[in-house]
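Accompanying notes for the structure given below.
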Amino acid sequence: MDYENADIDSVLADLKSSKEGLSEEEAAKRLLEYGFNELEEKTKVTPLKVLIRQFANFIVWVLLAAAIMSLTIDEIVNFWVIIGTIAFVILLGFVQEFKAEKAMEALKKMVQPVTHVLRNGVVTEVPTKNVVVGDVLVLETGDKIAADALVFELHGLKVDESAITGESMSIEKISGDMIFSGTQIVHGKCRAVVTAVGMQSRLGMIAGMIQESEVKTPLQQKIAELSKSLAVIALVASGLTFMLGYFTGAPTEEMMIIALALAVAAVPEGLPLTMTITLAYGMHRMAEHNAIVRKMLGVETLGSTTVICTDKTGTLTKNEMTVQKIYAGNKYFDLTGIGYDPQGSLLKNEETVDLEKNPTLNMLLKAASLCNNSSMVQRQGKWDVVGDPTEVALIVAASKADVWKDDLDTEYEKLHEIMFTSERKLMTTIHSSVEGRIAFCKGAPEFILQKCISIENDDGVRDLGEDDVERILSENLELASSAYRVLGISYRKLPEGLPVEESESELTFLGLVAMIDPERKEAKDAIALCNQAGIRVVMITGDNEETAKAIGKKIGLSPDYDGSVEQMNGKLRHIIDDGAVTGSELLTLDDEEFDSVVEGISVYARVMPEQKLRIVQALQNRGHVVAMTGDGVNDAPALKKADIGISMGIKGTDVAKESSLMILQDDNFETIVEAVKRGRGIYENIEKFTTYLVSRNFTEVILIMLGITLLGFELIPLLALQILFINLFGEVMPSISLGLDPIRNEVMFETPRKRGERILKKRNLLLMVSIALTMGLVCFLVFMFSDPVGNIERARTMTFATILSMILFIPFVFRSLTVSALSVGIFSNKLMLVGVASTFLLTLTVMYVPYLANIFEIVALGPVEWVIPVSAAFTTLFIAEAIKKIVASSGI
């Protein structure tokens with residue numbers, strides 16, 4: 001039956017008045033028909049897909065070409081060494097990336113696993129994924145809704161649909177209304193027949209839309225560009241050399257060996273491996289700080305962010321509404337304590353309030369507790385609360401003055417309730433007591449005042465005058481401007497026979513209750529650090545404008561507008577002056593107008609879901625790298641569009657997590673800032689080891705080209721297998737230690753990188769070329785000094801030893817690309833000390849173990865012969881440091 005389009009009577013008839021629900025047999029049959037009630041990934045990651053992804057690196061294909069070339073000319077040892085190198089790099093990349101995907105799968109298990117349904121006439125707990133179309137959901141306050149369903153039996157039902165609609169206020173439901181998967185019951189209870197499950201639900205449809213495309217991260221693009229550039233250089237150099245030798249009469253097989261040597265020399269085999277380890281370690285460290293990165297290449301993206309668009313509730317604030325001030329009887333009262341723990345005091349001028357001497361305040365606290373559907377229960381020393389956060393805050397506030405809702409419910413029997421709606425902005429409950437019937441009403445102050453004809457203070461009740469209304473509205477505005485959410489409280493003693501619908505008239509005003517969701521203490525410091533790092537923080541919230549601006553001011557939000565306002569119209573000038581805009585104001589701006597003021601907006605209030613996406617797009621159009629936080633389904637498109645989407649691990653929906661690149665396990669803004677720092681540090685380390693690796697590789701290219709040009713094709717300074725050993729074993733450990741170099745605190749004193757900036761930017765490229773030329777020339781001089789004509793094996797061994805001796809010193813140069821190695825510290829990176837030492841020991845092993853020396857065609861050097869390689873390497877260290885200082889002082 002099509003439950004969604006059927007009327008309520010048909011639904012009731014189909015389910016036999018819903019007394020039985022489905023049978024287990026029918027449920028099993030429908031499970032086969034409709035499938036599991038879960039979101040499916042269109043691009044589900046499998047081990048095979050992760051493995052195939054490892055072959056997307058262009059460098060791997062160049063090495064494969066080199067391996068095939070080796071096999072063609074019967075260089076079998078070369079072939080198997082290159083194949084082994086490729087296999088090792090691919091295997092490690094696969095293991096690390098697959099671990100990341102497994103971590104994301106573990107997060108998916110955080111969703112609610114069971115749901116109550118009616119089966120065979122009995123309320124039964126079943127796995128949520130086994131809920132089927134036609135099941136009767138049995139729901140009550142606090143339950144998450146497992147599937148789209150049609151309500152047919154209810155009592156006082158209110159649903160929080162913010163995850164779907166973005167509306168912060170809960171929605172009242174009536175019989176025949178739809179409720180949706182992923183939303184939550186905040187008041188009342190109901191039974192509802194399931195109409196759609198899994199990907200057929202509204203939640204699933206949104207999930208399906210956002211899974212259709214993937215966008216490469218900036219680092220993916222940069223590494224791909226670098227890999228292709230290096231591979232092209234290798235192929236061009238090899239091809240030109242081969243053609244030159246071939247047309248000058250050199251033997252074809254010999255020229256292929258030389259071309260192979262050049263190809264191997266130009267490609268940094270350690271780059272994919274080092275990149276994998278660096279990013280994997282970065283993921284691990286971020287996870288330790290409550291940030292889980294779904295995709296390894298997204299680790300550094302946050303480090304290039306220029307704008308963070310963040311939610312307020314739970315991220316900048318604690319998500320614990322707390323009443324702090326009460327205005328009653330023309331007096332202000334303060335409440336201490338925060339959150340949902342009733343520990344605290346009600347004070348006036350720092351003295352405990354006696355409610356018997358403040359009857360208006362006493363009545364207000366009673367009204368706030370009774371016009372309320374939340375509850376709090378103490379279990380094992382802890383307080384469990386259920387209900388709307390605003391209503392919970394009210395009963396917690398009353399309990400601090402020893403006014404307890406449970407006691408009041410006994411004294412005042414609840415008869416009726418007029419539900420809150422977004423149009424009325426009021427809620428009223430009617431109670432019976434020994435004094436007769438009485439109505440209590442709470443809501444937006446301006447709407448409450450429209451219903452009031454009198455006002456109560458400690459001297460009694462009198463008529464409500466215009467001066468009273470102006471004074472109360474003025475107090476309301478002042479409180480809202482101080483980041484408080486304000487409710488008005490009123491009551492009426494009802495005459496006999498008065499209809500329920502008329503009980504919201506002729507009310508007596510009691511006062512105002514001001515509550516706040518306290519900002520996280522660490523949020524202000526985190527935002528200050530962002531400002532220092534050149535990163536704008538933009539708050540996007542559902543709060544009203546005055547409250548949002550007040551909170552933004554408290555935590556240090558500020559716009560970054562430096563344009564001219566002289567030609568702007570009044571509407572745009574107002575936005576720039578306030579630094580804030582509401583969703584309704586945003587609707588009045590066309591794209592050109594919005595683009596002209598987007599840099600001047602730090603607070604967005606009352607925004608719609610599609611407007612969040614528009615904000616991200618406008619900032620990206622201005623050249624920003626945008627990070628976007630979110631938790632609801634309505635945030636998913638913006639999370640997907642942002643350069644890096646950040647979802648909440650605690651309150652985030654499944655769809656939001658699927659749309660994001662990073663998940664905050666603690667929902668804390670400070671965690672984002674820590675991730676920014678680590679992202680910047682990771683990228684800086686990537687620059688270090690990339691510059692080091694490329695300079696080391698081009699040292700060998702320069703060396704070989706000098707040998708070919710000046711000495712001919714017969715006296716090549718290094719053989720292909722020797723180069724491969726240097727590249728794999730002589731470079732990997734030092735480059736890994738650079739990739740894992742401790743992150744500097746000073747990294748947050750610098751401005752973000754520009755979008756599209758290359759890893760080998762001008763400064764790094766100049767360092768790379770200068771140091772590579774220096775090392776290449778020094779190695780060639782050693783080769784020439786070693787008499788290659790008289791003993792080519794010894795000359796190659798001396799050159800081989802010189803390059804590997806440089807590994808004892810040169811990696812320390814690259815620990816900073818701007819300051820000297822001594823300033824950074826020799827012993828602050830112990831991994832590097834271990835790396836260079838182990839590399840040198842491995843070199844000695846290859847040289848002095850006859851079997852290995854024979855494979856690599858090198859000879860054992862005597863102690864005196866080591867003086868030249870070590871001295872040459874030490875000299876190169878000083879030259880490289882001088883080059884670095886010159887480049888740094890040039891300001892490039």
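Observations
- Residue within region 618-630 that is under 15 Å from the mean Cα position of the chain (by Cα), surrounded by 20 or more Cβ atoms within 10 Å (Cβ to Cβ) and of a type in the set (Ser, Thr, Tyr) present: yes
- Ile868 in a loop (DSSP other than H, G, I, E, B) and either modelled with pLDDT under 90 or in contact with a Ser or Thr (Cβ under 9 Å, 6 or more places away or on another chain) (or both): no
- Residues in region 119-134 that are outside any loop (DSSP other than H, G, I, E, B) and either among the β-branched types (Val, Ile, Thr) or in contact with a Lys or Arg (Cβ under 7 Å, 6 or more places away or on another chain) (or both): Val122, Val123, Thr124, Val126, Thr128.
- Which listed residue, of Arg492, Arg536, Arg520, is basic (Lys, Arg) and closer than 23 Å to Cys371 by Cβ: Arg492
- Each residue in region 817-850 was checked for being of a type in the set (Gly, Ala, Ser) and either without any contact (Cβ under 8 Å) to a residue 60 or more places away in the chain or not assigned by TED's automatic domain parsing to the domain that holds Trp866 (or both), and 3 pass.
- The set of residues in region 758-774 being outside any helix (DSSP H, G or I), touching a residue at least 12 places away in the same chain (Cβ under 8 Å) and among the basic types (Lys, Arg) consists of Arg758 alone.
- Residues in region 530-554 that are closer than 23 Å to Lys754 by Cβ and buried (at least 18 other Cβ atoms within 10 Å of the Cβ): Cys530, Ala533, Ile535, Arg536, Val537, Val538.
Results for (1) more than 21 Å from Glu435 (Cβ to Cβ); (2) part of a strand (DSSP E or B); (3) of a type in the set (Asp, Glu), shown as yes or no for each residue.
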| position | (1), (2), (3) |
| --- | --- |
| Ile326 | yes, yes, no |
| Gln343 | yes, no, no |
| Met363 | no, no, no |
| Val385 | yes, yes, no |
| Glu391 | yes, no, yes |
| Ser399 | yes, no, no |
| Asp406 | no, no, yes |
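- Selection count where residues are over 46 Å from the mean Cα position of the chain (by Cα) and either among the hydrophobic types (A, V, I, L, M, F, W, C) or surrounded by fewer than 22 Cβ atoms within 10 Å (Cβ to Cβ) (or both), scope region 796-821: 3
- Pair list, Cβ under 7 Å, 6 or more apart: region 455-477 residue over 19 Å from Lys325 (Cβ atoms), other residue of a type in the set (S, T, N, Q): Val461/Ser454; Val461/Thr508; Arg462/Ser454; Asp463/Ser454; Leu464/Ser454
- Against the test of being assigned to a strand (DSSP E or B) and among the basic types (Lys, Arg), the options Arg471, Arg424, Arg437 yield a single qualifying residue, Arg437.
- Qualifying residue in region 40-61 (condition: in contact with a Lys or Arg (Cβ under 9 Å, 6 or more places away or on another chain), at pLDDT 80 or above and either of a type in the set (Lys, Arg) or on the phi < 0 side of the Ramachandran plot (or both)): no
- Single condition Glu599 does not satisfy, out of (1) in a helix (DSSP H, G or I); (2) crowded, with 24+ Cβ neighbours inside 10 Å: (2)
- Residue check for Arg462: over 41 Å from the mean Cα position of the chain (by Cα), of a type in the set (D, E, K, R), in a strand (DSSP E or B) and within 27 Å of Asp388 (Cβ to Cβ): no
- Cross-chain or 6+ apart pairs with Cβ under 6 Å, region 409-426 first and loosely packed, with under 14 Cβ neighbours inside 10 Å, then at pLDDT below 75: Ser422/Met169
- Lone qualifier among Val846, Val836, Val887, Val864 - being crowded, with 18+ Cβ neighbours inside 10 Å, over 24 Å from Val732 (Cα atoms) and aliphatic (A, V, I, L, M): Val887
- Filter result for the condition that a residue is over 44 Å from the mean Cα position of the chain (by Cα) and in a helix (DSSP H, G or I), over Glu793, Glu881: Glu793
- The condition (being under 28 Å from Gly891 (Cα atoms) and in contact with a helix residue (DSSP H, G or I) (Cβ under 8 Å, 6 or more places away or on another chain)) is satisfied by just one residue among Phe800, Phe814, Phe783, Phe840: Phe814.
- Which listed residue, of Val694, Val676, is assigned to a helix (DSSP H, G or I), touching a Gly at 6+ places or on another chain (Cβ under 7 Å) and farther than 20 Å from Ile858 by Cα: Val676
- Residue under evaluation Leu831, criteria (1) surrounded by fewer than 19 Cβ atoms within 10 Å (Cβ to Cβ); (2) under 18 Å from Thr690 (Cα atoms); (3) more than 38 Å from the chain's Cα centre (by Cα), criterion not met: (3)
- Sole exception among (1) at pLDDT 85 or above; (2) over 19 Å from Ile338 (Cα atoms) for Gln380, by number: (1)
- Odd one out for Glu502, checked against (1) free of Cβ contacts under 8 Å to residues at least 24 places away in the same chain; (2) acidic (Asp, Glu); (3) not assigned by TED's automatic domain parsing to the domain that holds Ala398: (3)
- Per this entry, Leu777 is not counted among residues that are touching a residue at least 12 places away in the same chain (Cβ under 8 Å), buried (at least 18 other Cβ atoms within 10 Å of the Cβ), farther than 24 Å from Ala675 by Cα and out of contact with any helix residue (DSSP H, G or I) (no Cβ under 6 Å at 6 or more places or on another chain).
- Residue match in region 438-448 (condition: without any contact (Cβ under 8 Å) to a residue 24 or more places away in the chain and either over 30 Å from Glu320 (Cβ atoms) or touching a strand residue (DSSP E or B) at 6+ places or on another chain (Cβ under 6 Å) (or both)): no
- Region 223-248 - residue that is of a type in the set (Val, Ile, Thr) and part of a helix (DSSP H, G or I) and, of those, modelled with the lowest pLDDT: Ile223
- Screening Leu804 with (1) within 26 Å of Gly739 (Cβ to Cβ); (2) in contact with a Leu (Cβ under 8 Å, 6 or more places away or on another chain) gives one miss only, at (2).
- Scanning region 188-222 for residues that are more than 30 Å from Leu137 (Cβ to Cβ) and either assigned to a strand (DSSP E or B) or at pLDDT 55 or above (or both) turns up Pro218, Leu219, Gln220, Gln221, Lys222.
- Applying the criterion of being modelled with pLDDT of 85 or more and not in a strand (DSSP E or B) to the residues of region 135-174, the residue that is farthest from Ala605 (Cα to Cα) is Asp135.
The values are calculated or read from the model by the stated rules, or taken from the named source; none is laboratory data. Note that the structure is predicted; figures quoted are calculated from it, not measured. Counting neighbours? That spans all protein chains shown, and the Cβs are built from the backbone with ideal geometry, glycine included.
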